[in-house]
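Scroll down for the structure; my scribbles are underneath it.
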Amino acid sequence: SAQLQLWRSIYQRDDARRQTSASIVAQYIEYLSLNDRLRVARETEVVLRGMLDAVASRLKVGDATVTELEQQRAAVYSVQATIPGLELQRENAINSLALLVGATPGSLTLSQRGMDSLTFPRVLPGVPANLLLRRPDVRAIEARLLSADADIDVARTRLLPSIDLTSQVGYGSLVFSRLFQPYNLAWNTIANV
């Protein structure tokens, strides 16, 4: 049981490493996604500003109304309001990444690339399903179950009393005068057996 508990601890350590790696990847993908969202928001702001200028020109000519101008201005302000929130989320993602890799938050510098910079590995055909059994979390659970099974075996042996078969030959009596009488020898032998 103790040996299996040791293996369980080793597998749990390996699983913690796996989970840390997965967290780093997830945070980096979140960072790349936020880069894309910021890029799109800034491009949208530029397009909406151009449309605002066009509506303002049309208003001077009399082809647009003040309502259309104010609607276009509200759209520009709405996009501008989302940009600081996205930048804050991106900074939080950078700080989370720095924490996961063991760096100080200000020291980690990342590129401004987006999701299109990722390349995914190919899925190999014919990969056996028993690869799941190599996962450290699955192996830790298996070691825990085997350890519990060993503990059950120990508990079963402790549940039943231990029986020692021994024998003695000799005389014994409460009264020394009856020590050498034959019926005491018979009772002592039976009791010892």
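Overview of values
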read-out	value
Where a residue in the stretch 49-74 is of a type outside the set (A, V, I, L, M) and its partner, wherever it lies, is outside any helix (DSSP H, G or I), with Cβ under 8 Å and at least six apart	Arg58/Ala64
Condition check for Leu108: surrounded by 10 or more Cβ atoms within 10 Å (Cβ to Cβ), touching a Leu at 6+ places or on another chain (Cβ under 7 Å), at pLDDT below 85 and over 30 Å from Tyr11 (Cβ atoms)	yes
Complete set of residues in the stretch 46-60 that are surrounded by fewer than 16 Cβ atoms within 10 Å (Cβ to Cβ) and not hydroxyl-bearing (Ser, Thr, Tyr)	Val46, Val47, Gly50, Met51, Asp53, Ala54, Ala56, Arg58, Leu59, Lys60
Hey, Glu43 in contact with a Ser or Thr (Cβ under 9 Å, 6 or more places away or on another chain) and either part of a helix (DSSP H, G or I) or open to solvent by 80 Å² or more (accessible area, probe 1.4 Å) (or both) or not	no
Which listed residue, of Gln19, Gln27, is open to solvent by 60 Å² or more (accessible area, probe 1.4 Å) and polar (S, T, N, Q)	Gln19
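Yes/no per residue for (1) out of contact with any Ser or Thr (no Cβ under 6 Å at 6 or more places or on another chain); (2) touching a residue at least 24 places away in the same chain (Cβ under 8 Å); (3) more than 26 Å from Arg13 (Cβ to Cβ); (4) surrounded by 12 or more Cβ atoms within 10 Å (Cβ to Cβ):
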{"site": "Ile83", "(1), (2), (3), (4)": "yes, yes, yes, yes"}
{"site": "Glu87", "(1), (2), (3), (4)": "yes, yes, yes, yes"}
{"site": "Ala98", "(1), (2), (3), (4)": "yes, no, no, yes"}
{"site": "Gly114", "(1), (2), (3), (4)": "yes, yes, yes, yes"}
{"site": "Ser117", "(1), (2), (3), (4)": "yes, yes, yes, no"}
{"site": "Pro128", "(1), (2), (3), (4)": "yes, no, no, no"}
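The values are calculated or read from the model by the stated rules, or taken from the named source; none is laboratory data. Computed from a prediction, not measured in an experiment: that's the story for all the values here. Reconstructed Cβ throughout: ideal geometry from the backbone, glycine too, with neighbour counts over all protein chains shown. Note: areas computed on protein heavy atoms with side chains; ligands, DNA, RNA excluded. Shrake-Rupley method; radii C 1.70, N 1.55, O 1.52, S 1.80 Å.
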